[in-house]
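Participant: Below is one structure. I have some questions about it.
The values are calculated or read from the model by the stated rules, or taken from the named source; none is laboratory data. None of the values given here were measured: they were computed from a predicted structure. Glycine also receives a Cβ, built like all others from the backbone with ideal geometry; neighbour counts cover every protein chain displayed. Just the protein is used for accessible areas: all its heavy atoms, side chains included, with ligands, DNA and RNA removed. Shrake-Rupley method; radii C 1.70, N 1.55, O 1.52, S 1.80 Å.
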Amino acid sequence: MTFSEWVNETAKRLPCDDPGSSKRELFRLLTEISGKNKAYFIAHGPDDLESVLSADERIRLEKAISRRAQSEPIQSIFGKENFWGRDFLTGPGVLIPRPDSE
């Protein structure tokens, strides 16, 4: 399975109303876990998943995807959210900062 095929299939597991949102969330999970930017992943679309991510990154990513598939917010998965250029710690019981609630 190529990386692009994996993205298309995996994005369907995420609880979003439209495919564009689920792919954005998937790329956010990818960039947070790997430290690589979205352009890196787009450039390696034809490659297989094993050449794009290490075994450790694939394990961590699968755990994050499983948590997100159960509707856990990405901000809680990673324990942080950037808001107006500052990182805030997040978790259960914490209101997640959002641009519409500034």
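Participant: Binned at 10 Å from 0, what are the whole-percent values of the Cα-Cα distance distribution for the chain, short to long?
Facilitator: 14, 46, 31, 8, 0
Participant: Same structure again: Name the residues whose placed amide hydrogens come within less than 5 Å of the amide hydrogen of Phe88, ignoring near sequence neighbours (fewer than 5 apart) on the same chain.
Facilitator: Distant-sequence amide H within range of Phe88: Glu81, Asn82, Phe83.
Participant: Determine ³J(HN,Hα), in whole Hz, for all residues of the range 47-57 in sequence, where each value follows from phi through the Karplus function 6.51 cos²θ - 1.76 cosθ + 1.60 and θ = phi - 60°; x replaces Gly and Pro.
Facilitator: 6, 7, 4, 5, 7, 8, 10, 6, 4, 5, 5
Participant: Magnitude of the Cβ-charge dipole of the chain, K/R +1 and D/E -1, about the Cα centre, nearest 20 debye?
Facilitator: 200
Participant: Scanning the chain for trypsin sites (Lys or Arg not before Pro) in DSSP loops with at most 16 other Cβ atoms within 10 Å, what's the longest stretch left with none?
Facilitator: 37-102
Participant: Excluding residues on the same chain fewer than 8 positions from Lys12, give the lysines whose Cα lies under 24 Å from its Cα.
Facilitator: Partners within reach: Lys23, Lys36, Lys38, Lys63.
Participant: Tell me the per residue accessible area of the chain using a 1.4 Å probe; a whole number in Å² is fine. Please list the in-between numbers first.
Facilitator: On the way: 6470 Å² over 102 residues.
That works out to 63 Å² for each residue.
Participant: State the percentage of accessible surface on the range 12-102 attributable to carbon and sulfur atoms; use a 1.4 Å probe and exclude ligands, DNA and RNA.
Facilitator: Using a 1.4 Å probe with all protein chains present, the range 12-102 comes out at 52 percent carbon and sulfur.
Participant: Just Gly85, Gly20, Gly45 to compare: in a GNM of the chain, with alpha carbon springs under 10 Å, which one fluctuates most?
Facilitator: With Cα springs under 10 Å in the chain, the top fluctuation among Gly85, Gly20, Gly45 is at Gly85.
Participant: Rounded to the nearest 500, what is the chain's calculated 222 nm mean residue ellipticity when only DSSP H runs of at least 4 contribute -39500 (n - 2.57) each, over all residues?
Facilitator: Estimated from H runs of four or more residues: -15500 deg cm²/dmol.
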